[in-house]
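Take a look at the structure set out below.
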Amino acid sequence: MTANLLDFDLEGLAAFCEKLGEKRFRAVQLFRWIHQKGASGFDEMTDLARSLREKLPSVCAITGLPVLSRQDSADGTIKWLFDVGDGNAVETVFIPEDDRGTLCISSQAGCAVGCRFCSTGHQGFSRNLTTGEILAQLWHAERFLRKHLGKTERVITNVVMMGMGEPLQNYGALIPALRVMLDDHGYGLSRRRVTVSTSGVVPMIDRLAQDCPVALAVSLHAPNDALRDVLVPLNRKYPIAELLDACLRYLPAAPRDFITFEYCMLDGVNDQPEHARQLLALLKGHGGRGVPCKINLIPFNPFPDSGLKCSPRSVVLHFGKILNDGGIVTTVRKTRGDDIDAACGQLAGDVLDRTNAASRLSQRRQQTEQPIRFVHTAKEKQA
């Protein structure tokens with residue numbers, strides 16, 4: 001079985017080359033050809049010795065992911081559906097803006113966290129992606145965009161691990177992929193421009209701070225444990241106080257001096273003024289000094305069977321005003337690619353579910369539909 005060179009960070013590729021009797025500089029040459037120049041074959045690597053170019057095809061390959069489909073949004077957003085085998089497919093989204101090009105990458109085929117408002121979670125979980133499968137999304141997108149736009153310089157300036165899956169539950173494959181993104185011989189991205197989004201896997205947040213600190217975004221979505229237990233089931237294992245403690249521990253190593261908290265706005269669920277005031281008190285007061293942060297309010301993108309609706313825009317803006325007036329910088333995420341189901345929370349792909357998610361989520365929805373709808377009222381009565 002031949003090795004896929006997309007599976008290696010630079011140190012891994014150097015070790016692979018050493019086994020072939022090659023020196024480290026050959027690994028650097030290979031690495032640059034693959035990730036900087038987007039080479040897909042060894043014949044393109046003209047500065048490699050002919051003998052090495054002839055040897056490599058028998059022991060390794062540069063194996064991308066088959067593209068099942070590509071959709072182009074009216075706003076310029078592009079979504080790819082990649083085949084990862086065994087009936088599974090994952091989605092990757094490119095979001096162009098005037099000053100940046102952001103690629104949203106998947107880390108798993110499906111997701112085991114099962115958040116109520118996320119289309120991916122409703123599809124269940126099949127397996128983790130390999131490092132090569134994570135990087136293949138970036139490798140393909142960069143090559144396609146350069147050719148499509150007629151550019152020779154880098155098109156993708158930002159990467160967000162916010163696609164399908166919980167990145168920190170695929171830690172072993174994630175870290176080498178991040179290192180390739182950051183490596184000057186690879187994609188050369190700044191740590192500030194690579195973001196890992198997590199629903200709150202506390203032990204892995206601590207490990208990320210040690211192993212490869214990049215920008216951190218935390219899917220919060222609720223100002224108290226009672227509500228977050230329903231919306232983000234992982235909260236039952238790592239409640240809010242533990243999660244915020246981990247965020248404070250992460251900050252000294254982080255490339256930014258704040259944590260981004262993502263908050264999906266759900267009509268009548270977590271969007272009331274009382275929720276905003278609770279959130280403000282929580283983030284300003286945790287640990288006696290608060291958590292340096294920014295909040296990103298995300299209008300919910302409805303999908304079948306969620307049983308949830310998006311908060312009216314006036315409600316979203318009022319919620320944000322309470323937070324901004326209270327001293328926390330708060331923005332409302334601009335919805336991009338919703339005409340091709342590429343907006344936040346809509347990525348679903350195709351997953352051979354091994355977790356019976358549809359049945360479990362349906363039962364949970366039936367059990368919690370009334371409490372989730374009125375949880376804010378109960379809080380107001382307590383206030």
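Only the coordinates and a few stated rules stand behind these numbers; no lab work does. Remember, predicted model here, so these are calculated numbers, not experimental data. Neighbour counts run over all protein chains shown; Cβ positions are idealised from the backbone, glycine included.
Some notes on this structure:
- Phi-based couplings in Hz for the range 68-79 (Karplus 6.51, -1.76, 1.60; Gly and Pro marked x): 7, 7, 9, 10, 10, 7, 5, 8, x, 5, 10, 10
- Axis angle, to the nearest 10 degrees, between helix 10-19 and the longest C-alpha principal axis of the chain: 30 degrees.
- Here the Karplus curve 6.51 cos²θ - 1.76 cosθ + 1.60, taken at θ = phi - 60°, turns the phi angles of the range 39-48 into couplings of 5, 10, x, 6, 5, 6, 8, 5, 8, 7 Hz, with x standing for Gly and Pro.
- Helix 240-250 axis, angle to the chain major axis (alpha carbon atoms, nearest 10°): 40 degrees
- Taking amide H positions as modeled 1.01 Å from N, with prolines and chain starts lacking one, the residues under 5 Å from Leu266 and 5 or more places away or on another chain are Asp271, Ser311.
- Residue order for Arg53, Arg236, fewest other beta carbons within 10 angstrom first, comes to Arg236, Arg53.
- Were the residues from Lys294 through Ala253 laid out at 0.36 nm apart, the gain over their Cα-Cα distance would be 13.0 nm.
- Simple label model, 7 Å out from Cα along Cβ direction - Arg236 to Ser190, nm: 4.2 nm
- Summing charges over all other residues whose Cβ lies under 10 Å from the Cβ of Leu145, with Lys and Arg as +1 and Asp and Glu as -1, gives +4.
- Glu242, Glu22 arranged by Cβ crowding within 10 Å, fewest neighbours leading: Glu242, Glu22
- Nearest-20 debye value, the chain charge dipole, Cβ charges on Lys, Arg, Asp, Glu: 540 debye
- Helix 313-325 and the longest principal axis of the C-alpha atoms of the chain enclose an angle of approximately 90°.
- Members of Lys79/Lys334; Lys19/Lys55; Lys79/Lys151; Lys19/Lys147 lying beyond 24 Å, as alpha-carbon distances in this model show: Lys19/Lys147
- Amide hydrogen proximity for Leu68: with H placed 1.01 Å from N in the peptide plane, the residues at 5 or more positions away or on another chain lying under 5 Å are Leu81, Phe82, Asp83.
- Summed side-chain charge close to Leu48 - residues other than Leu48 whose Cβ falls under 13 Å, Lys, Arg +1, Asp, Glu -1: +2
- Between the amide H of Phe261 and those of Val218, Lys294, Ile295, Asn296, distances stay under 5 Å, these residues lying 5 or more places away or on another chain, with hydrogens modeled in the peptide plane.
- Look at Arg143, Arg70 and count the other Cβ atoms within 10 Å of each Cβ; fewest to most, that gives Arg70, Arg143.
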